[in-house]
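In what follows, a single structure is set out as structure tokens and then discussed.
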Amino acid sequence: MEYYDVAIVGAGPAGAFLAYKLASRGHSVALIEKSRLPRNKPCGGGITPKGIQLLDFPVDDLIKETVRSVHILRGKQDVVMNTDKSPVYMVERSEFDQRLAQKAVASGAKLFQDESVTNVEMTDSKAIITTNNGKYEARTLVGADGAKGKTAQWAGIKRRNAFEHLLGIELNAPMEHYPYGDSAVVDFDVPGGYGWVFPKGRYYNVGVVTGRKDKYHNLEQLLGAFAKKRGLDIKNAGPLVGQRVPAGGSRQAVNKGNALLVGDAAWLAEPVFGEGIAFALKSAELAASVIKKYLRGEAKDLDGYTTVLNETLAREYADVRGMKFLLYNFPSLSLRVFAMSSRLRKAAEGMVDGERSLSGVWRKRYDETS
Ligand SMILES: Cc1cc2nc3c(=O)[nH]c(=O)nc-3n(C[C@H](O)[C@H](O)[C@H](O)COP(=O)(O)OP(=O)(O)OC[C@H]3O[C@@H](n4cnc5c(N)ncnc54)[C@H](O)[C@@H]3O)c2cc1C
């Protein structure tokens, strides 16, 4: 049986970036992905500067559009947020995730694709990973298997008491008469959530997301209503896809024994907008720093990972929960205040680029010591 320092289940941004981080420091890593890359993932593909800044390799060639302004809408209200200083980068997830996996492989990680993990047995000293194609052993196990991943269950990490779930759907549409030029749109007319339009060069990504469970069953109608109201023609759009967005962190430890969870598997999307890519990458960086210490014998367990999450990302989520309440319960009022207050708009910009952060998590690099 092949033996690795770390086995990572799932090659999304969290898993692939962690594999890259650990393999670059000489650890043996198995990155196991059930799909063949490039694979699609339901996602708007908008990445904020705080996420892009974590990458120490270029992805410029993958950027379809750099969004420098966002129309924030509610009924007839239209507030333009200038994001020139902190633009949002639009990518195709299939290409972006594949680039991360390629970087991991180039750094020495072994990628097993088209291979689904079907079970894991944990002992005190290792994990025995069974896939549809074989068995592997690893000293450390990482669940990077997204919103529906089972690694948490196999590792005995409880998946109850997550803070919140959002549900989102999206499609790509070739829109010729889009009234907002190269700006993005965020529309708060969707109950308990918002609709978005992200320009991506020759087409647009259009979607809706909500945290209201009573609206989950008619998201498609909400998307249709949003598109109609804003004059978006989605008749010739690509397939409609959707997924949950586990957001806001967990009330419980996301590590146990020699296993831990990163990205969506650890409920780490931020709770207001469901932004998850930057948070998946950041959790990978945090996990890398703890796993390296564990493998070198400088830490007796992986508890440091939950500790650092609580000190950093959990504080960021707590910070924005009040804002979420106001935004989704009093959207018109929130937008009026936002339009009037330059302080608020500056704060929003700071959240996009990571400058406004209670814990300073986006400014610090956690895995820089070798
Ligand atoms: C509709 C929608 C729109 C979104 N838009 C945005 C956006 O614009 N910007 C943003 O920042 N975030 C967005 N998000 C959130 C973002 O997509 C996620 O937070 C992000 O993908 C999390 O990355 P991850 O690596 O944790 O998980 P994922 O990207 O889900 O990757 C998990 C991987 O694990 C693999 N896997 C699962 N089970 C197994 C198994 N048993 N064996 C092997 N492999 C397995 C899967 O195939 C998958 O490749 C959106 C989400 C949705 C649903």
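Quick notes on this structure:
- With Cα atoms, 0 to 90° folded angle of helix 277-295 axis to the chain main axis: 20
- Using C-alpha pairs under 8 Å with a sequence gap of at least 6, the mean separation divided by the residue count of the chain gives a relative contact order of 20 percent.
- Reported to the nearest whole Å, the Cα centre-to-centre distance from segment 160-209 to segment 214-293 is 13.
- Among 286, 127, 323 the positive-end extreme of the charge dipole of the chain (Cβ point charges): 323
- A protection proxy built from the mean count of other Cβ atoms within 10 Å ranks the segments 76-83, 267-274, most packed first, as 267-274, 76-83.
- Dipole check for the chain: with +1 at the C-beta of Lys and Arg, -1 at the C-beta of Asp and Glu, and the Cα centre as origin, the magnitude is about 720 Debye.
- Global form of segment 247-370, assessed from the alpha-carbon gyration tensor, a/c cut-off 1.5: prolate
- With 20 Å as the limit on Cα-Cα distance, the pairs of 200/324; 126/300; 103/148; 110/300; 324/346 that go past it are 200/324; 103/148; 110/300.
Throughout, read-outs are computed from the coordinates displayed, never taken from laboratory work. No experiment lies behind these values; they were computed from the predicted model shown. Virtual Cβ from ideal backbone geometry, glycine too; neighbours counted across all protein chains shown.
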